[in-house]
Amino acid sequence: MFQWLFNIFKRKETLLLEETDRMKKFLIVGLGNIGSEYENTRHNIGFKVLDHFAKEEALTFETQKLGALTTYKIKGRSFLLLKPSTYMNLSGKAIKYWLTKENIPLENLLVITDDLNLPFGSFRIKLKGSDGGHNGLKDTQLQLQTTKYNRFRFGISDEFSKGRQVDYVLGNWTTEENDKLSERLDKSIEIIKSFGLGGMNNTMNSFNGK
């Protein structure tokens, strides 16, 4: 009788610990296209943010299934940084795979992407929203079957003439933009850490529009 009760309580304790550990894991995904020809394009700001994070924290990405990954740990939290290797249009496939494989809850997902509707270097962190015509977000929504996932939009502005949108987003940063990028990338690292350590609401209040 006592052994039976002990086993029940032990099982509950184990499940509670597993859930606690699960809530301390975060998947941070930077969207972009693989290949050197895309490396410094506006559309690849998600990759650029994570590359900057890795450089500042002396992390090394390793090629794994559907992407390049590295892990950053701080204050009991574990951040899995992912750069999908599926190309932009199939980003959701990699996101879904790693969420499932690492048993990370959807609320601990943060997707970093470029946004034409925001001034260059400005931030918009949101709990949910439409894909806004962004193919990476469109596939993420399709794969996750929800629009309710956290996204970190990095403004690239819309300084292009009619019919030149594709050339613009797949174009390289201007000299003036490059001069300002370093500070914006530093701030992006703060946003990622705040998301994991302080929560989404605090992060939105602290960084939106900054």
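The values are calculated or read from the model by the stated rules, or taken from the named source; none is laboratory data. Keep in mind that this is a model prediction, so the values were computed, not measured. Positions of Cβ are generated from backbone atoms using ideal geometry, with glycine treated the same way; all protein chains shown enter the neighbour counts.
Step by step: first the residues of the stretch 109-137, then only those that are surrounded by fewer than 17 Cβ atoms within 10 Å (Cβ to Cβ) and without any contact (Cβ under 8 Å) to a residue 40 or more places away in the chain, then the one that is farthest from the chain's Cα centre (by Cα). Which residue is that? That would be P119. Please indicate, with yes or no, whether at least one residue in the stretch 15-34 is at pLDDT below 95, in a helix (DSSP H, G or I) and β-branched (V, I, T). Scanning the stretch 15-34, I find at least one residue that is at pLDDT below 95, in a helix (DSSP H, G or I) and β-branched (V, I, T), so the answer is yes.
Output yes when any residue across the stretch 61-84 is under 22 Å from N208 (Cα atoms), part of a helix (DSSP H, G or I) and either free of Cβ contacts under 8 Å to residues at least 60 places away in the same chain or hydrophobic (A, V, I, L, M, F, W, C) (or both), and no when none is. No, the conditions are met nowhere in the stretch 61-84. Counting only helices (runs of 4 or more DSSP H) that fall entirely inside the stretch 91-200 and contain at least 2 residues that are in contact with a helix residue (DSSP H, G or I) (Cβ under 6 Å, 6 or more places away or on another chain), over 27 Å from E37 (Cβ atoms) and among the hydrophobic types (A, V, I, L, M, F, W, C), the qualifying elements are 175-198. The set of residues from the stretch 74-120 being of a type in the set (G, A, S), at pLDDT 95 or above and under 22 Å from T203 (Cβ atoms) comprises S78, S91.
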